[in-house]
Amino acid sequence: MTANGGILKSAILTALVYIGIMAVGMYVTGHVAGITYGDPKMVRVLFYFEVVMSLLALFMARRIFGRVQCGFSPADLSGLWWMAPNFLILAALFYMALSAGGAAMSGLVLLIIATMCLVGFSEELMFRGIVLKGALAEMSQGRAIILSSVFFSLLHSVNILAGLPVENMLAQLVLTFVFGLAMACYALRINSLIPVIVFHTLWDLVQFLGGHFGADFGPLINIAIIVNAVMGAALYIFVLRKKQTGETSAAV
């Protein structure tokens, strides 16, 4: 286990290596395999990189914190109510995706499912686990949440290597930063990575399946993003910030 003074440094270095692996994966996807970002077929390349990234996250979580959960335990399942609106919208999105005319099981669909499971697991373990918990060892809760969200957003900058237009990449940086803020708040409130891993996996999965099946989500994706941002902000303002203030006062 890493000494307290080196936890954040180790977490940041691990995140940079993780992002570097993803950068190579995106480059291979776009410039070697010739698959443009957004094409569901990109999982045929990214699956293998996601295996490596998941193993890296697992290894470093154990090395830095001594356990995979990175200090999240025991779970407070009452905090799941904060995520309920997001899961309801997800259910509607899945209904629309699976009701699309092109919905059918195939080898590509199975690979999409497997890849998104790895994405949800490794990204949450890395950014809401290793980076967030590493930051909490050396800074305030608010700054730790922001730092983990910045690195999560930075991860998506490498999508430009697979042909994502610059303006789309910049928009994605903003959206993933907001997503990261909300996920960090949920993880801290529930004291577990498992619900955010599940949500993240399903969120990416429904969008890939929707693209593959030709589903029309209309404004529902934007509504989901707004709801996620509002719930995450409310959770931080009315629960997490007050809790931290109370703990600081008690310590003084």
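With all protein chains in place and a 1.4 Å probe, the accessible surface of region 101-228 carries 71 percent carbon and sulfur. To make sure I understand the rule: partners must be lysines, Cα under 18 Å from the Cα of Lys242, and not fewer than 8 residues away in the same chain. Which ones qualify? Result set, ordered by chain and number: empty.
Reported to the nearest whole Å, the Cα centre-to-centre distance from region 10-61 to region 102-116 is 19. For the chain, calculate the relative contact order in percent as a whole number, restricting contacts to Cα pairs under 8 Å that are 6 or more residues apart. For the chain, the relative contact order is 30 percent. Summed over the residues of the chain and divided among them, the accessible surface reaches 46 Å² per residue at a probe radius of 1.4 Å. Within a straight-line Cα-Cα reach of under 26 Å, Lys41 cannot be paired with any lysines, leaving aside sequence neighbours fewer than 8 residues apart in one chain.
Contact order, relative form, for region 109-189: 30 percent (alpha carbon pairs under 8 Å, 6 or more residues apart, mean separation divided by residue count). Between Phe127, Phe217, Phe208, the Gaussian network model of the chain with springs among Cα atoms under 10 angstrom shows the greatest mean-square fluctuation at Phe217. Taking 0.36 nm per residue of separation and subtracting the current Cα-Cα distance, fully stretching the chain between Asp76 and Val166 would add 28.4 nm.
The values are calculated or read from the model by the stated rules, or taken from the named source; none is laboratory data. Owing to the predicted nature of the structure, the values given are computational and were not obtained by experimental measurement. Each accessible area value is taken on the protein alone, full model and side chains, heavy atoms only, with ligands, DNA and RNA left out. Shrake-Rupley method; radii C 1.70, N 1.55, O 1.52, S 1.80 Å.
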